[in-house]
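The values are calculated or read from the model by the stated rules, or taken from the named source; none is laboratory data. Please read these numbers as outputs of a predicted model, since none were measured by experiment. Neighbour counts run over all protein chains shown; Cβ positions are idealised from the backbone, glycine included. Side chains are part of the model used for accessible areas, which takes the heavy atoms of the whole protein and leaves out ligands, DNA and RNA. Shrake-Rupley method; radii C 1.70, N 1.55, O 1.52, S 1.80 Å.
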Amino acid sequence: QVQLVESGGGLVQPGGSLRLSCAASRSIFSIYRMGWYRQAPGKERELVAAITSGGTTTYADSVKGRFTVSRDSAKNTVYLQMNSLKPEDTAVYYCDALIDGIYYWGQGTQVTVSS
């Protein structure tokens, strides 16, 4: 099991940047895959980015070149650096961890991109 707590969301203007953090309650060294999803009002939750314990990353086409996912095992934290933000990036962002075939989720953090 693991508890995940996201932080770093907020209101930002188009073109701005935010860095989301996902702090885990236990060591993430052995967690094979961790990632970020988002859900906008009226839409399904979608994968934004994921990273494996070996450092392999996956990104949604809509964020490639703008977002970067990383993990710091020493701090038990996964990050999502978001640059060149667009209004369509507005959503609640959730961190997840896949452990023994079970997905664990954080409570989410709101990101609003608006002028």
Take the stretch 64-109 and flag every residue that is in a strand (DSSP E or B) and in contact with a helix residue (DSSP H, G or I) (Cβ under 9 Å, 6 or more places away or on another chain).
Phe67, Met82
Can you pull out the residues in the stretch 36-63 that are of a type in the set (D, E, K, R) and in a strand (DSSP E or B)?
Arg38, Glu46
Within the stretch 55-98, of all residues that are aromatic (Phe, Trp, Tyr) and out of contact with any Leu (no Cβ under 7 Å at 6 or more places or on another chain), the one surrounded by the most Cβ atoms within 10 Å (Cβ to Cβ) is Tyr94
Among Tyr93, Tyr104, which is aromatic (Phe, Trp, Tyr) and over 11 Å from the mean Cα position of the chain (by Cα)?
Tyr104
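Conditions (1) open to solvent by less than 60 Å² (accessible area, probe 1.4 Å); (2) farther than 14 Å from Gly106 by Cα; (3) at pLDDT 95 or above, marked per residue:
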{"site": "Val2", "(1), (2), (3)": "yes, no, no"}
{"site": "Val12", "(1), (2), (3)": "yes, yes, yes"}
{"site": "Arg19", "(1), (2), (3)": "no, yes, yes"}
{"site": "Ala23", "(1), (2), (3)": "yes, no, yes"}
{"site": "Glu46", "(1), (2), (3)": "no, yes, yes"}
{"site": "Ser53", "(1), (2), (3)": "no, yes, no"}
Is it the case that Thr112 is part of a strand (DSSP E or B), under 26 Å from Ser25 (Cβ atoms) and open to solvent by 20 Å² or more (accessible area, probe 1.4 Å)?
no
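Find the residue count for the stretch 19-33, including only residues that are assigned to a strand (DSSP E or B), farther than 15 Å from Val69 by Cα and among the hydroxyl-bearing types (Ser, Thr, Tyr).
Selection size over the stretch 19-33: 0.
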